[in-house]
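Each remark here refers to the structure printed beneath this line.
The values are calculated or read from the model by the stated rules, or taken from the named source; none is laboratory data. All values derive from a computational prediction rather than experimental measurement. Here the Cβ positions follow ideal geometry from the backbone for every residue, glycine too, while neighbour counts run over all protein chains shown.
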Protein chains: 2
Amino acid sequence: MLSRRQWLAAASAATVWPLQARAQANFSAADLAHAERLRELALADGEAWRLVESLTRDVGARPAGSEGDRRANAWALAAFERLKLEAARTEAMNVRVWQRGAAQARLTAPYVQPLVMTALGNSVAAPAGGIEAELAYYPDLKTLAADTSDRARGRIVFIDERTERTRDGSGYGRAVSTRVTGASEAAKRGALALAIRSVGTSSNRIAHTGAMRYDIALPRLPAFAVSTPDADLIAGLQTQAQAQAQAQAQSKLLRLHFTLDAREGVEVVTHNLIAEIKGSELPDEVVLIGAHIDSWDLGQGALDDGAGVAIVMAAAALIQRAGLRPKRTIRVVLFGNEENGFDGAHAYSERYAKVKHQLVGESDFGAARIWRFNHRVSNPALPLMASMAALLAPLGVAWAETGRNEGNPGPDAAVLMRRHRWPAVALTQDGSSYFDVHHTENDTLDKVERAALPFNVACWAVVAWLAAQAPMSF
Amino acid sequence: MLSRRQWLAAASAATVWPLQARAQANFSAADLAHAERLRELALADGEAWRLVESLTRDVGARPAGSEGDRRANAWALAAFERLKLEAARTEAMNVRVWQRGAAQARLTAPYVQPLVMTALGNSVAAPAGGIEAELAYYPDLKTLAADTSDRARGRIVFIDERTERTRDGSGYGRAVSTRVTGASEAAKRGALALAIRSVGTSSNRIAHTGAMRYDIALPRLPAFAVSTPDADLIAGLQTQAQAQAQAQAQSKLLRLHFTLDAREGVEVVTHNLIAEIKGSELPDEVVLIGAHIDSWDLGQGALDDGAGVAIVMAAAALIQRAGLRPKRTIRVVLFGNEENGFDGAHAYSERYAKVKHQLVGESDFGAARIWRFNHRVSNPALPLMASMAALLAPLGVAWAETGRNEGNPGPDAAVLMRRHRWPAVALTQDGSSYFDVHHTENDTLDKVERAALPFNVACWAVVAWLAAQAPMSF
């Protein structure tokens, strides 16, 4: 929203003010004191753990429109009531979803070896009886995209792209294109199907799912991921086959057979789940703290995004329980079907297009501690961000150094930010371990770092409270 | 073999001799120098990695009598030849094996939740259509064994026994009874089936298999393990159901449905795989360094026991490559069907009952570094053990402090030791992480700690060489 030059001007203006002076110039001393108190209360609060424990135990996986999704609706309404949040409601939407069927894969040459695999979300089904063909091996998507030969034709393309472990998720960001666009890159070259190394950083024999998309101008190939140890095996056998071919020995070609069943375009109803703390002075202005209620089907949706659901619910509940009444309305939104279409974000965007949003943000990056605070707000609001940053600093949260005021507020919140230019906040969690379990069967409660949850709640409570109290629009 | 008192006498006798004096009194200076050279050569040797990489890539899983087992035979003979080991041979035996079929399980109440599970080895098949029943929850085997009520009758017994992480595997030793004897404990009480928390220390959504046994006087119940996160879910739902029952609210009972197919008593042929370095002076006396060639079907048998196979083969190859000709015969034995019956150990025991064995030992505890040296030898041989211990000490290996001269040489070697009272060596690896992957789909090459292999090879080469050169029988 700000140009680089505008931002630099604002940032340097902010820097020359003493911290205390800035804080006093912006939020009231009372509001800052309340924020400090919320921060301390949050660190002693076990509500987020109770919520994520209950959500994973009593609801489990909750793809849009599933039985689990319906359990989640009832669960959220009961939790909103218990937490004494206001105006609790579900907002229905009709969506078309993809549903997983049975699938399996095995190498059939050089020997029979079952592979641990999972279909990618939105994959078409394979023909009955499956597909068996030679593998065409590519070390990464770039190599496939550059291939002008007919090597892929009539084969199953295998892309061996690796995911780098990073704190900010950038490694996933680079690797995920393989999953999203790989099938159409393979289709361009006459391939029969796509198999990929699981996107993610785990070395477990567990495969990673997630959404893919088809280019409508191209044939739609069935697509799946194999676990990283299975990809290692394929890579090892491929290296050996190449060495044998170069040595003019009999090369042992890799062949693969798979079956994959799935249903596309199934019409279901899902919901956004909403509750509030009504504002006392500006009730029609909204501070939105969000997460998404849906999950992939394979695990319990513990890190993605049960933890986020628990964190933002607990943050709102803490403000309520502290007896604070915000000036603006603080609204918890649990979006439906984030995982495969952002339907909840689009539905919310339509319904609340004309409502003034002071700030939108989303917790959707696991359960680890927040290490960075960023935002996208108007120039005059930057000193208020400095005050927030000062309150977050004791929690080990740094104010973004690079790209300041260019924060990404999370997937659903980003839809809203882009569409309506609503101000946004980004509280970035440490994602170093997130992609070990994200979108896999391993996304279960035991992976949630219990001790980190109160730090997350503290950050969200401070930010939501101060955004609601701010003397100006962001 | 020694009484506690005899051992104490021997140990204190050994302790009062200066180390150098002891060593000179036993092995020749030349043999000790060769041992030191072997140790140094081993640390720079990549052969064990090459072997385990090839075994897991080119052979894969190798349950007794399977296609993988036949590939393993050919693989071992080719490797023995490449490594210039002598008298390479396979020794066939007829065995009856258990073969896994399809299996799945899901909670059906309080809601439908698929469980990650695997059948236990030797489990009978469930009736067609499977079994559905209420769960009878027991926190551990002891509680089940003490239960005099009829709570288990007509139900599926679930035992939630946890495995403690320990360096020496004692945690596994305590927990594994659940797997081995749980089904018969449940059968005594009229249960329909047994489900257990996976034995092992992993928190991955991957289940652990392994052998179980039936009491022949009792009905044989189908038995399986669920992954630890699935066990956590069952435990959480059980706790909640109990709390509801105590609160006189409607308790949500747990119900489970499973199918389990398996074949028992399938007649197959498997083999012990043997190669040697022939002794120059006492060729009919054998130093046996072993491992087992078979593996469970779920993974690649990388840690169990591909690493052991690679370590002992590489140790023998190193002695051969160093141009050393031992006085006694050093024999590498890769036992068949260790996992489900010790058939290879029994066959070897029959065939070689009258051959004098100087020492037997086995590498079958993964790929981590050896931290403890122990043995079971005659009293007069203890000073020779002190010399070996001194040579192993620079590798970070401690001479056993407690239970000295009561070492367990590994599963197959222990069969031989007990049956024939052959002297034995125990080179104990660090098992802290072993039970994270042992007997699971996760037992794949990437779990092998490459850098630790040369340390293992060094220990085995030193011990095998000195045992072959010793001036006396152990």
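Restricting A:E267, A:E285, A:E276 to those that are more than 12 Å from chain B (Cβ to nearest Cβ), in a strand (DSSP E or B), farther than 30 Å from A:K356 by Cα and at pLDDT 95 or above reduces the list to A:E267. Residues that are in contact (Cβ under 8 Å) with a residue 24 or more places away in the chain, more than 14 Å from every other protein chain (Cβ to nearest Cβ) and either polar (S, T, N, Q) or in a loop (DSSP other than H, G, I, E, B) (or both) within the range A:193-225 comprise A:V199, A:G210, A:M212, A:R213, A:Y214, A:D215, A:L218, A:P219, A:R220, A:L221, A:P222, listed in sequence order. The test for being among the aromatic types (F, W, Y) and surrounded by fewer than 20 Cβ atoms within 10 Å (Cβ to Cβ) holds for A:Y111.
A quick yes/no check of all residues on (1) under 25 Å from B:E441 (Cβ atoms); (2) away from every other protein chain (no Cβ under 14 Å); (3) in contact (Cβ under 8 Å) with a residue 24 or more places away in the chain:
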position	(1), (2), (3)
B:R106	yes, no, yes
B:P110	no, no, yes
B:A125	yes, yes, yes
B:G129	no, yes, yes
B:T143	no, yes, no
B:A146	no, yes, no
B:R167	yes, yes, yes
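Note on the range B:126-180: residues that are at pLDDT 95 or above and on the phi > 0 side of the Ramachandran plot total 3. Residues in the range A:43-61 that are more than 11 Å from every other protein chain (Cβ to nearest Cβ) and crowded, with 20+ Cβ neighbours inside 10 Å: A:D45, A:E47, A:A48, A:W49, A:L51, A:V52, A:L55.
For the range A:228-260, filtered to residues that are of a type in the set (A, V, I, L, M, F, W, C) and assigned to a helix (DSSP H, G or I), the residue that is surrounded by the fewest Cβ atoms within 10 Å (Cβ to Cβ) is A:A243. Of all residues in the range A:431-439, one or more are away from every other protein chain (no Cβ under 14 Å), surrounded by fewer than 20 Cβ atoms within 10 Å (Cβ to Cβ) and either on the phi > 0 side of the Ramachandran plot or touching a residue at least 60 places away in the same chain (Cβ under 8 Å) (or both).
Residues that are within 27 Å of the chain's Cα centre (by Cα), among the β-branched types (V, I, T) and either surrounded by 23 or more Cβ atoms within 10 Å (Cβ to Cβ) or within 14 Å of chain A (Cβ to nearest Cβ) (or both) are absent from the range B:179-187 altogether. Exactly one residue out of B:A241, B:A191, B:A186 is modelled with pLDDT under 95 and closer than 23 Å to B:A146 by Cβ, and it is B:A241.
Counting only residues that are at pLDDT 95 or above and more than 23 Å from the chain's Cα centre (by Cα), give me the helices (runs of 4 or more DSSP H) lying completely in the range A:369-474 with at least 1 of them.
Here the list reads A:382-392, A:453-469.
Just give me the residues in the range A:153-180 being of a type outside the set (K, R) and part of a helix (DSSP H, G or I), in sequence order.
Matches in the range A:153-180: A:S170, A:G171, A:Y172, A:G173, A:A175, A:V176, A:S177, A:T178, A:V180.
If you go through the range B:286-297 and keep only what is of a type outside the set (S, T, N, Q) and over 15 Å from B:G361 (Cβ atoms), you end up with B:I293, B:D294, B:W296, B:D297.
Residues in the range A:62-84 that are within 9 Å of another protein chain (Cβ to nearest Cβ) and touching a Lys or Arg at 6+ places or on another chain (Cβ under 8 Å): A:G68, A:R71. Residues in the range A:440-455 that are touching a helix residue (DSSP H, G or I) at 6+ places or on another chain (Cβ under 7 Å) and away from chain B (no Cβ under 14 Å): A:L453, A:P454, A:F455.
For (1) within 25 Å of B:F342 (Cβ to Cβ); (2) not small (G, A, S), each residue gets a yes or a no:
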| residue | (1), (2) |
| --- | --- |
| B:L382 | no, yes |
| B:A393 | no, no |
| B:T402 | no, yes |
| B:P409 | yes, yes |
| B:R419 | yes, yes |
| B:L427 | yes, yes |
| B:D446 | no, yes |
| B:A452 | no, no |
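Please work out if A:W371 is in contact (Cβ under 8 Å) with a residue 60 or more places away in the chain, surrounded by 24 or more Cβ atoms within 10 Å (Cβ to Cβ) and among the aromatic types (F, W, Y). No; evaluated as a whole, the condition is false for this residue. It is to be established whether one or more residues within the range B:229-247 are out of contact with any Cys (no Cβ under 9 Å at 6 or more places or on another chain), farther than 17 Å from B:L260 by Cα, away from chain A (no Cβ under 14 Å) and among the polar types (S, T, N, Q). Scanning the range B:229-247, I find at least one residue that is out of contact with any Cys (no Cβ under 9 Å at 6 or more places or on another chain), farther than 17 Å from B:L260 by Cα, away from chain A (no Cβ under 14 Å) and among the polar types (S, T, N, Q), so the answer is yes. The lone criterion from (1) closer than 26 Å to B:S184 by Cα; (2) modelled with pLDDT under 95 left unmet by B:A247 is number (1). Cβ-Cβ contacts under 7 Å between residues 6 or more apart (or on different chains), taken from a first residue in the range B:311-325 that is charged (D, E, K, R) to a second residue that is surrounded by fewer than 20 Cβ atoms within 10 Å (Cβ to Cβ), are listed as B:R325/B:S280.
The residues in the range B:192-225 that are within 30 Å of A:A302 (Cβ to Cβ), in contact with a strand residue (DSSP E or B) (Cβ under 8 Å, 6 or more places away or on another chain) and surrounded by fewer than 24 Cβ atoms within 10 Å (Cβ to Cβ) can be counted, and the count is 1. Regarding B:D446, is this residue in contact with a Ser or Thr (Cβ under 9 Å, 6 or more places away or on another chain) and surrounded by fewer than 23 Cβ atoms within 10 Å (Cβ to Cβ)? So B:D446 fits the description; yes. Residues in the range B:250-264 that are within 14 Å of chain A (Cβ to nearest Cβ) and aliphatic (A, V, I, L, M): B:L254 only.
Quick check on the range B:295-313: of everything there that is of a type in the set (G, A, S) and part of a helix (DSSP H, G or I), which residue is surrounded by the fewest Cβ atoms within 10 Å (Cβ to Cβ)?
The extreme case among them is B:A302.
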